[in-house]
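Beneath this line is the structure, given in structure tokens, with notes to follow.
The values are calculated or read from the model by the stated rules, or taken from the named source; none is laboratory data. These numbers were taken from a predicted model, which means no experiment stands behind them. As a convention, Cβ positions derive from the backbone with ideal geometry for all residues, glycine included, and neighbour counts pool all protein chains shown.
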């Protein structure tokens with residue numbers, strides 16, 4: 001990095017899954033990032049917190065959007081995070097973040113990942129790390145889908161039993177008390193009744 005004074009926006013994020021799996025609580029993230037900024041001589045402008053929000057593409061993260069706007073407004077010039085996956089786990093999103101940093105003469109510093117976005121090698125390393133992170137998410141998703149599919153085929157429905165059914169020994173079976181309601185609903189549908197009419201009945 002050059003000698004320009006670094007004014008840091010500390011970004012901390014945790015989803016329910018992250019905290020349960022890795023223990024990255026918001027206070028712990030903030031504590032570690034403040035210590036890093038003190039060590040490196042960064043001036044802290046603000047701490048931006050997104051709680052209970054995943055970094056998946058499309059998710060609205062108010063604090064992260066506020067941080068980006070503050071960078072545009074020149075209130076700070078360095079994003080400081082614990083790990084790269086606090087920002088995103090999508091290669092596509094990461095490319096957009098790199099372009100944003102370049103366009104606004106801003107930087108990124110990660111406490112746990114040795115990433116320097118001010119040179120070509122640093123950007124290449126960040127892209128490799130992001131690809132690995134995205135692959136991890138995709139593989140986890142695949143394993144979850146396979147496991148869920150197998151459970152459903154075996155009759156294990158991992159949710160509240162729908163109307164007309166009940167759980168018996170973790171299997172979904174017809175409920176004698178409510179199954180006639182479902183039969184009537186289907187009969188009304190085959191007779192040409194609309195959803196609204198069936199619901200009213």
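Within segment 66-109, which residues are assigned to a helix (DSSP H, G or I) and closer than 17 Å to residue 37 by Cβ?
Within segment 66-109, the first condition is being assigned to a helix (DSSP H, G or I), and the residues that meet it are 66-72, 84-86, 91-103.
Those that are assigned to a helix (DSSP H, G or I) and closer than 17 Å to residue 37 by Cβ: 67, 70, 71, 86.
Within segment 171-201, which residues are part of a helix (DSSP H, G or I), exposed (fewer than 13 other Cβ atoms within 10 Å of the Cβ) and under 38 Å from the mean Cα position of the chain (by Cα)? Give the steps one after another, and end with the answer.
Initial filter on segment 171-201 (part of a helix (DSSP H, G or I)): 179-190, 195-200.
Narrowing the set further to residues that are exposed (fewer than 13 other Cβ atoms within 10 Å of the Cβ) leaves 180-181, 183-184, 186-187, 190, 195-197, 199-200.
Correct list: 195, 196, 199.
Among the residues of segment 36-65, which ones are in a loop (DSSP other than H, G, I, E, B) and under 18 Å from the mean Cα position of the chain (by Cα)?
52, 53, 54, 55, 56, 57, 58, 59, 60, 61
Checking the condition in contact with a strand residue (DSSP E or B) (Cβ under 6 Å, 6 or more places away or on another chain), surrounded by 15 or more Cβ atoms within 10 Å (Cβ to Cβ) and modelled with pLDDT under 80, which residue from 165, 107 passes?
After ruling out the rest, the residue left standing is 165.
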